[in-house]
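Quick notes on the structure that follows.
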Amino acid sequence: MEQVSLMRRRLFAPSVMSLVVFLATAAALIASYAAPIRPWYPSGGNVVHLDQGSASVGSISEATTSAGPYAISIQITYSPRFSLPLWPVLLVTAVLPVLWMMREYRRRRGRRRTLNGLCAACGYSVTGNTSGTCPECGTPIPLGSDAGT
């Protein structure tokens, strides 16, 4: 029982971190399609840009030309160095939270069945069963539990 609890705790922390990254990526993905995002300028001279389902890191260069005393042309060029589609990140970060939720659902379903006098594996009624195993699926029923009495 202690190994199960330790395994559950080991799977919980990475699942929470993965869920946070998943939610942040989902928000970035939705924002990249919802409206044009102006480039974000973190320190270091790199530019982070979201556009149509991808995030890219690059640099911006500006060039100004003067065609007369009042005509000034400014050309801003964005040159991405690295681009990452957000869909694969979204799918990869969804795996651990989904596995954790499925495991928790199965654990809670088994506990609920056991408390209601049913087999934890198949849901067969084992009320009054004295053999210690479920007659339907063969799963051992702990003696002295509510399910077997």
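A short reminder: the numbers here are calculations on the coordinates, not readings from a lab. Quick caveat: nothing in here was measured; it's all calculated off a predicted structure. Every residue, glycine among them, receives a Cβ derived from its backbone with ideal geometry; neighbour counts consider all protein chains shown.
Some notes on this structure:
- Pairwise label distance in nanometres, VAL98 with SER54, each label 7 Å out on the Cα-Cβ vector: 2.4 nm
- Pairwise FRET efficiency - VAL16 versus ARG106, Cβ, R0 = 25 Å, nearest 0.05: 0.85
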